[in-house]
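Asker: Mind having a look at this structure? Questions to follow.
The values are calculated or read from the model by the stated rules, or taken from the named source; none is laboratory data. Please read all numbers here as calculations on a predicted model, not as lab measurements. Here the Cβ positions follow ideal geometry from the backbone for every residue, glycine too, while neighbour counts run over all protein chains shown. Ligands, DNA and RNA are stripped out before the accessible areas are found, and what is left, the full protein with its side chains, is counted by its heavy atoms. Shrake-Rupley method; radii C 1.70, N 1.55, O 1.52, S 1.80 Å.
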Amino acid sequence: LNLIGATNFRDLGGYAAQGGRAVRWRKLFRSDHLAALTPEDLATLAKLGLSRAYDFRGVAERAAVPYALPGVASYSLSIEPTVVQRMKDLLEAGHKLTAQETVGLMQQTYRAFVHDNSHRFAELFAQLLDNDTPLVFHCTAGKDRTGFAAALILLALGVSRPVVMQDYLLTNDFFRMPHSAPGLAPQEVLDVLWRVQEDFLDAALHAVDADHGGVDRHLQNELGVGPAERQRL
């Protein structure tokens, strides 16, 4: 959606899913943060009937850039941005980060979504199953925490892994990288940090396969989404 105050606000509808059906349009949205929306943006969201927003940002992120949307209930599903903090710690200690090291840190972050944050994604699925009013889920850039959540939802609906990856990588087409203070990190590091790569999502999905025996078992055993719930979804 061409919003002015959010660059990565996207509809998850239209993808071919289980049983020859397609994911419904205008029900599931993913986005970067919603604190800079304009009055025109708010009017667009009102026409969509958007009623719920689920925020994966950490405590400090939410406090620094808060928002309230008219007629939209907001819920916190906090996942702290550990990779950013680790990068800050390394930079403050005088370490010169490379792009390759940053890729490794991002992969660790994605594995942690599986190892440490499954309860947050389980909460999102519980909300999805509670009712079908239109909702958006987001983090700061709408690419990592949000990207993995979108991948889980699409996989639960029976969308193929190649298509899930294609949706994930669309962030690189839409998201506008924020301006960073000069000297904070080399541009090649910022390019890794503010974009997405197949290696990132693959790290999480490999953790799902290795730790839980695949997406189906992970959905059922960790996220509370078994066959009956997937059919309802």
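Asker: On a 1.4 Å probe surface of the protein chains, which of 88, 27, 47 comes out largest in accessible area, and what is the full order?
Answerer: Values: 88 100, 27 50, 47 180 Å².
Result of the area sort, largest leading: 47, 88, 27.
Asker: Normalized C-alpha radius of gyration of the range 118-198, against 2.2 N^0.38 Å?
Answerer: Numbers: Rg = 15.0 Å, N = 81, 2.2 N^0.38 = 11.7 Å.
Normalised Rg, Cα atoms only: 1.28.
Asker: Specify, per residue and in Å³, the volume enclosed by the convex hull of the alpha carbon atoms belonging to the range 75-177.
Answerer: Values: hull volume 13.1 nm³, N = 103.
Normalising the Cα hull of the range 75-177 by residue number yields 128 Å³.
Asker: Ignoring everything except DSSP H segments at least 4 long, calculate the 222 nm mean residue ellipticity for the chain; use -39,500 (n - 2.57) per segment, divide by total residues, nearest 500. Mind showing how you got there, number by number?
Answerer: Details: 12 runs with 119 residues, N = 233.
So the helix-based figure for the chain works out to -15000 deg cm²/dmol.
Asker: Ignoring ligands, DNA and RNA, please state the percent of accessible area on the chain from carbon and sulfur, probe 1.4 Å. All intermediate terms of the calculation are to be shown ahead of the outcome.
Answerer: Details: 5850 of 11130 Å².
Of the solvent-accessible surface of the chain, carbon and sulfur hold 53 percent.
Asker: What ³J(HN,Hα) values, in whole Hz, does the Karplus curve 6.51 cos²θ - 1.76 cosθ + 1.60 give for the range 40-56 when θ = phi - 60°, with x put for Gly and Pro?
Answerer: So the J values, rounded to whole Hz, are 5, 4, 4, 5, 4, 5, 4, 5, 6, x, 4, 10, 9, 10, 10, 10, 7.
Asker: Now a separate question. Provide the solvent-accessible area of residue 40, counting protein heavy atoms only and rolling a 1.4 Å probe, rounded to the nearest 10 Å².
Answerer: Solvent-accessible area, nearest 10 Å²: 110 Å².
Asker: Would you mind telling me which residue in 26, 120, 86 has the biggest mean-square fluctuation in a Gaussian network model of the chain, where springs connect alpha carbons within a distance under 10 angstrom?
Answerer: Most flexible of the set in this elastic network: 86.
Asker: Using a Gaussian network model on the chain with a 10 Å cutoff between Cα atoms, which of 105, 69, 91 fluctuates the most?
Answerer: Looking only at 105, 69, 91, the biggest GNM fluctuation is shown by 91.
Asker: Each label point is 7 Å from the Cα along the Cα-to-Cβ direction; what then is the distance between the points at residue 129 and residue 188, in nm?
Answerer: 4.6
Asker: Moving on to the next point. With each label point set 7 Å from Cα along the Cα-Cβ vector, what nm distance links residue 228 and residue 40?
Answerer: 4.8
Asker: Something else: So what J values fall out for the range 154-170 if you push phi through Karplus, 6.51 cos²θ - 1.76 cosθ + 1.60 with θ = phi - 60°, rounded to Hz, Gly and Pro as x?
Answerer: Values per residue, Gly and Pro as x: 5, 5, 5, 7, x, 6, 5, 4, x, 6, 4, 5, 4, 5, 4, 6, 4 Hz.
Asker: Keeping all protein chains in the complex and leaving out DNA, RNA and ligands, what accessible area do you get for residue 67 with a 1.4 Å probe, in Å² to the nearest 10?
Answerer: 40
Asker: Mind ranking 137, 174 by accessible surface for me, highest first, 1.4 Å probe? Please report the intermediate quantities before stating the final value.
Answerer: On the way: 137 0, 174 100 Å².
Ranking 137, 174 by accessible area, largest first, yields 174, 137.
Asker: Something else: Given a 1.4 Å probe, how much area per residue of the chain is accessible, in Å²? Please report the intermediate quantities before stating the final value.
Answerer: Details: 11130 Å² over 233 residues.
Value returned for the chain: 48 Å² of accessible area per residue.
Asker: Rounded to whole Å and ordered largest first, report the semi-axes of the equivalent ellipsoid of the range 1-145 derived from its Cα gyration tensor (root of 5λ). Could you put the intermediate results ahead of the total?
Answerer: On the way: eigenvalues 170, 73, 42 Å².
Taking √(5λ) for each Cα gyration eigenvalue gives 29, 19, 15 Å.
Asker: What are the semi-axes of the equivalent ellipsoid for the range 1-80, taken as the square roots of 5 times the Cα gyration tensor eigenvalues, largest first, in whole Å?
Answerer: Working: eigenvalues 115, 53, 24 Å².
Calculated on Cα positions only, the semi-axes equal 24, 16, 11 Å.
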